Amino acid sequence: MARFSVSIMLFFNAFLLVSLTAVRPASAEDPLAAFIEEGNRMADVLRAGRSVVSNNQSLINDPAIGDKHLSSHVFLQKVTDAYRKAHGTGPLDGDLNEHQRQLIKAQLQAMAEVVDENQDLINTEGMGFKGFIPAVFARLVNERFGEKMGIEAAVKVTAPADLVRNRKALPDAWESEILEQKFRSGDWEHGKPFFESVTSDGKTDFRLLIPEYYSASCLSCHGGPKGEMDVTGFPKEGGAEGDLAGAISIRLAQ
Ligand code: HEC
């Protein structure tokens, strides 16, 4: 598949085969392929969650309705439906190994907790915009997921430093380099993720960065005129449809 950078991965591929199979038996024969699949599935689960917030945004923002009937149970059902609609199967269906299953379950559990903890906000009658938007939801879910997984795994939505609104989303050195040198370079194939094995402080992680772009629906907040306040109180970035908005960053301990 031309979707993935193969540059230095041929080397890591061989490396992974010898170092990993003993640690984590993967259902796929190639452990690198298993990481890629695992990382993409986690990004897709996050996207499904965000889409449920997005599709229910006007309900969430409706000041005339108290109980929105968006319990964590209902929410997770909608996430599963959204995932199934996009991918044909549910997030926990298919040939997942125990580790993959554990990660997806932790993500879904994190979503349930965030939705539970925000019930009072979501159900506040008389309040319109509540700030419970996909980006905030995603950050809270990723933070909760990180608390559950520790050094095992992490999911983050980041962006080039000049676009970052929330400091917690600031890119680390690895993310920044890929965002600036690859995703923002004129010749990077639109939508193509980047991945590689990264070793620091004696610990090796599989890292995956998936670019995200502004669509028309993002521009009420991230579009123009640049500097004008959006509904969330942040200055707009002046972005245009198709511009790089940021990236989903996945880290999996090897
Ligand atoms: C209602 C306004 C609004 C809309 C619409 C919106 N965003 Fe955002 N976006 C925000 C806010 C506010 C944050 C900061 C959230 C936080 O506190 O973490 C944010 C954060 C982000 C981030 C994380 C980096 C950062 O700046 O903290 C990315 C990437 C992003 N948005 C991309 C998008 C994309 C792509 C779309 C359309 C699919 C979109 N946004 C739609 C308001 C919006």
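Read the figures in this text as sums done on the coordinates, not as results from a lab. The structure displayed is predicted, hence computed values, not measured ones. Ideal geometry is used to build each Cβ from the backbone, glycine not excepted, and the neighbour counts take in all protein chains shown.
Things to note:
- GluC sites (Glu not before Pro) within the range 164-218, DSSP loop, no more than 15 other Cβ atoms inside 10 Å: Glu189
- The distance from the alpha carbon centre of the range 79-108 to that of the range 147-183 is 24 Å, rounded to a whole number.
- When the chain is treated as a Gaussian network with alpha carbon springs shorter than 10 Å, the biggest mean-square fluctuation among Asn55, Asn142, Asn118 belongs to Asn55.
- Karplus-derived 3J(HN,Hα), 6.51/-1.76/1.60, for each residue of the range 155-167, Hz, glycine and proline x: 10, 8, 9, 10, 7, x, 3, 6, 9, 5, 8, 9, 3
- Relative contact order of the chain, defined on C-alpha pairs under 8 angstrom at six or more residues apart (%): 20
- Here r is the Cβ-Cβ distance between Val74 and Glu98 and R0 is 35 Å; the resulting FRET efficiency, rounded to 0.05, is 0.80.
- P(r) tail, the range 9-253: Cα-Cα pairs separated by more than 32 Å, 23% of all pairs.
- Sum of -39500 (n - 2.57) over DSSP H runs of 4+, divided by residues of the chain (222 nm, nearest 500): -13000 deg cm²/dmol
- Rounded tilt (10° steps) of 72-87 against the dominant C-alpha axis of the chain: 60
- The range 145-248: trypsin sites (Lys or Arg not before Pro) falling in loop per DSSP and having at most 11 other Cβ within 10 Å: Lys226
- Largest GNM mean-square fluctuation among Ala154, Ala173, Ala138, using the chain with Cα springs under 10 Å: Ala173.
- For the pair Glu152 and Glu189 in one chain, pulling the backbone fully straight at 0.36 nm per residue adds 10.3 nm over the alpha carbon distance.
- Length gained when the stretch His87-Leu59 is fully extended (0.36 nm per residue, less Cα-Cα span): 7.5 nm
- If only the Cβ of Lys and Arg carry +1 and only the Cβ of Asp and Glu carry -1, the dipole of the chain around its Cα centre is close to 80 debye.
- In order along the range 90-95, the phi-based Karplus estimate (6.51 cos²θ - 1.76 cosθ + 1.60, θ = phi - 60°) of 3J(HN,Hα) comes to x, x, 9, 7, x, 8 Hz; Gly and Pro are listed as x.
- Separation in nanometres of the label points that stand 7 Å from Cα toward Cβ, at Ala33 and Lys226: 4.5
- Label-point gap, in nm, between Asp67 and Ser200 - each point 7 angstrom along Cα→Cβ: 4.8
- Taken along the Cα-to-beta-carbon direction at a fixed 7 Å, the label points for Phe129 and Lys105 span 4.0 nm.
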